[in-house]
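One structure is given here, and the rest of the page talks about it.
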Amino acid sequence: MHVASRPKKVGSWYAVGALVAHFRKKARLTQEQFAESANLAVDTVRSIEQGRLALQPDRAEQFDELLDTGGALTVVVAKLPVRDRIVQFAQGLVDHEQEALSILSYETQVVPGLLQTPEYCRAVFDYRYPALGSETAEQWVQARMERQLIWHRERPPVGHFILEESILRRPVGSPDTMHEQFRQILEYTKPVHMSFQIMPMDQTPHAALDGPMVLLETPEHERLVYLEVQRASFFVDDPEEVSGYHHKYGMLRSQALPCDESERLLKGLLGES
C-alpha cells in the first residue's frame, strides 16, 4: 500500500516561483509594485513566488511581458507535466491516469472529475470549505480539464463509471450547469470503450456503502486501487486486497441499473424521455 499524506511545500512550482521572484527583483520591482502592474492582489503574487499557487500559462505570458523575460516563464510552465498542476495528494492518481489501460470508478458525492464540465467543477470548488481563493480554484479547474485529455489519446483507456443516483439529484451550480453536466456524461460515454451505470438511491443490498474507489490497470497490467478521503489518499497494490476490490466493483455493477436504463434515467432528468 502506498500512502499519500497531506500536501507538502515542495515541487516544481517552488522553482517556478523562485524564478518569478528573481525576474521581479531584476526589474527592481517590489511585490506590491508588481502586483499593481499585473492587476493582482499582492497576496496572489506572494503565493506564486512561494510556490503555493501555480503559475497558469496565460499568467506566465503576462508576467513575461511585464518583466521582459524573453518568454522564459511561458517556456518553463509549458514544460511542466500535468501532475505538477494537481494538488499533491492526488498526483499519484494523475500519474497513473495518464497511461492507464482501464479506469473503473465508483463515486458517491459528485460526478467523477474525469467526466465533469468546467462549470460543474467550478461550482464544486466554490462550495469547498474552507473556501479556496479564486486563483487557486481556477487553477484546479484547468488542471482537472487537462486530466480529461486522456479520453483523446490515440488509444484511450477503457472507462466505466458507477454514480450514485443522489449525485444527479443534488443541485451543484445552476440548473443549466446540471443539464450541461448530464449531457457531457452522455456524450463522454458514447464510445464503445466507455460506459456508465447509476446506482438507485433505494438499492439494497449495496456492496460499497463504505465509500468510493477507482480501479486502474497500468500498461504493465498491474492492477491498483485508489482510495481518497478529504485531503488524504492512498493506493492499494497488494494483489489479494486488489482482488477483493475488483470483486466488490463487480458486485456494484450487478446491483446498479443496466447501462440502457441508466441512460434513460439521465435523459429523463434532462426532460428527454
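What to note about this one:
- Taking residues in segment 85-104 that are closer than 17 Å to Arg153 by Cα, and partners anywhere that are modelled with pLDDT of 85 or more and of a type in the set (Val, Ile, Thr), the pairs with Cβ atoms closer than 6 Å and at least 6 places apart or on different chains are Glu97/Ile150; Ser102/Val158.
- Assessment of segment 228-247 against the conditions (touching a residue at least 40 places away in the same chain (Cβ under 8 Å), closer than 23 Å to Glu165 by Cβ and hydroxyl-bearing (Ser, Thr, Tyr)) yields no matching residue.
- Against the list (1) in contact with an Asp or Glu (Cβ under 7 Å, 6 or more places away or on another chain); (2) in contact (Cβ under 8 Å) with a residue 24 or more places away in the chain, the condition Phe196 fails is (1).
- Options Glu119, Glu154, Glu99, Glu146; residue that is among the charged types (D, E, K, R) and more than 27 Å from Glu217 (Cβ to Cβ): Glu119
- Residues that are outside any helix (DSSP H, G or I) and polar (S, T, N, Q) were ranked within segment 13-65; the one that is surrounded by the most Cβ atoms within 10 Å (Cβ to Cβ) is Gln56.
This table checks each residue for (1) among the hydrophobic types (A, V, I, L, M, F, W, C); (2) modelled with pLDDT under 95.
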{"position": "Ser134", "(1), (2)": "no, yes"}
{"position": "Gln139", "(1), (2)": "no, yes"}
{"position": "Glu154", "(1), (2)": "no, yes"}
{"position": "His160", "(1), (2)": "no, no"}
{"position": "Glu165", "(1), (2)": "no, no"}
{"position": "Tyr188", "(1), (2)": "no, no"}
{"position": "Pro191", "(1), (2)": "no, no"}
{"position": "Met194", "(1), (2)": "yes, no"}
{"position": "Ile198", "(1), (2)": "yes, no"}
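- For segment 97-113, filtered to residues that are outside any strand (DSSP E or B) and surrounded by fewer than 19 Cβ atoms within 10 Å (Cβ to Cβ), the residue that is modelled with the lowest pLDDT is Gln98.
- Candidates are the residues of segment 200-223 that are in a loop (DSSP other than H, G, I, E, B) and among the acidic types (Asp, Glu); the one that is modelled with the highest pLDDT is Asp202.
- Number of the condition not met by Leu93 [criteria: (1) modelled with pLDDT under 90; (2) over 15 Å from the mean Cα position of the chain (by Cα)]: (2)
- Residue match in segment 207-214 (condition: of a type in the set (Gly, Ala, Ser) and free of Cβ contacts under 8 Å to residues at least 24 places away in the same chain): no
- Among the residues of segment 8-40, the ones that are more than 26 Å from the chain's Cα centre (by Cα) and at pLDDT below 85 come to 0 in all.
- Unmet criterion (only one of (1) within 18 Å of Val158 (Cβ to Cβ); (2) β-branched (Val, Ile, Thr); (3) in contact with a helix residue (DSSP H, G or I) (Cβ under 6 Å, 6 or more places away or on another chain)) for Ile198: (1)
The values are calculated or read from the model by the stated rules, or taken from the named source; none is laboratory data. Everything numeric in this text was worked out from a predicted model, so none of it was measured. Cβ: placed from backbone, ideal geometry, glycine included. Neighbour counts: every protein chain shown.
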